[in-house]
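Below you'll find the structure, written out as structure tokens, and then a few comments.
Since every read-out is calculated from the coordinates, none of them should be taken as a lab result. In this text, all values refer to a predicted model and were calculated from it rather than measured experimentally. Here the Cβ positions follow ideal geometry from the backbone for every residue, glycine too, while neighbour counts run over all protein chains shown.
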Amino acid sequence: MPSLPPLPVVLATALLTGGALAQLPLQALGFDPGASDLTSRSGLRGDHRGAVLLQMPGPALAGVGNPTGSIVGLTLVLQDQDRGTPDAWRCVVLRDDGRGAPDITPAGELFRSVELRSPVAVGPGAGRVSVTFSTPVAVPTGATFYLGVELPPNGDWPADGLSVHAAEYALSANVTNPAAPRLTFTHDRTAGTLVVRGLDRAHRIEALVTGPTLSAGADVDPALRHGEPNPNFGIRGAFPDRAAGDGLAFRVRDGGAVGQQFAILGQLLGANPAPFRLPGLGGLVFLTPGLVFPDLLGAGTLDAQGEAIAVYAGYPFTLGASGFGVISVQAITGLFGNERLSNLAVIDDR
């Protein structure tokens, strides 16, 4: 099905189904660059029911939900072509099938929400929708899983119906590294089919967690930004383009540590396959001890929103054609006295 131009994100809807969870400071984690290039059902026919899925790859984003190992909701940018006839949709979380694709069998469902509806309004519209779960959903530690939105059938598509905003790899400054993987999957429940890594785009779907988060960003050539947010914390952050001189940046979020200090540690290794705990630190350590001592890549104080951006190396950042390879990065928030560990972000510029 054709993609459509994204409408301005002017709505903000909170579907608070989670009771006490909805009152906690929540952080979003995924590959959202902060701007939309299009809105799409990613190949799902308008008259079919199915899910648009975003892969949360274990190697590049280990320990989502650290220190609890769970997510408490989803946040996404949803577009409705006719808000006067609201459609019912669902949030889904799926495990990996062991072959790099979502497990679409009933056993693969980690979570499937009740039907949700956005408020009735006039005409088309798009907005960020945040959904909190009634209870936390455990996700695999260091392994791949999938976030998704199950869209209903609508025979009037594209005049009516739902779609999800996305950042297209080929547009703007989203992705120019050819090694960047496709993270979009489409499960057509009506046809019983799965499209594996079908499109070069990342839908703007993120996990909500209660712990600190760390996202890798790319400081992009100003000539390539085209008005998009910089640093770019989408796929380009995890797979920077060394030939284009992408700089390195990091974003730390922890709404429970407003005004407190943080530190970012990194090492030239992939994710530790055997994460461990250290006394006094909340959460799992995903860096590897004893091989390469972690370097301090950034430090500072979280702002009033519990966020900080640290630019390690601005554009142009050149290390030769081979780049640095793979670097694993993890943040500690709440220094000193309330230390908590973030997820691991793995950057690959090979």
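Here are the numbers for the structure shown:
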{"read-out": "Relative exposure of Leu224, Leu214, judged by other C-beta atoms within 10 Å (fewest first)", "value": "Leu224, Leu214"}
{"read-out": "Alpha carbon convex hull of segment 212-348, projected area averaged over orientations, nm²", "value": "8.4"}
{"read-out": "Net charge of neighbours whose Cβ lies under 14 Å from the Cβ of Phe233, counting Lys and Arg as +1 and Asp and Glu as -1", "value": "-1"}
{"read-out": "Choice from Gly63, Gly30, Gly123 showing the highest fluctuation, given a GNM over the chain with Cα pairs closer than 10 Å", "value": "Gly123"}
{"read-out": "Computed log₁₀ I(q)/I(0) - Debye formula, equal Cα scatterers, no solvent, the chain, q 0.06, 0.08, 0.14 Å⁻¹", "value": "-0.20, -0.36, -1.14"}
{"read-out": "Computed over segment 113-190, Cα set: Rg, Dmax in Å", "value": "16.2, 43"}
{"read-out": "When segment 21-173 is reduced to its Cα atoms, the Kirkwood hydrodynamic radius in Å", "value": "16.4"}
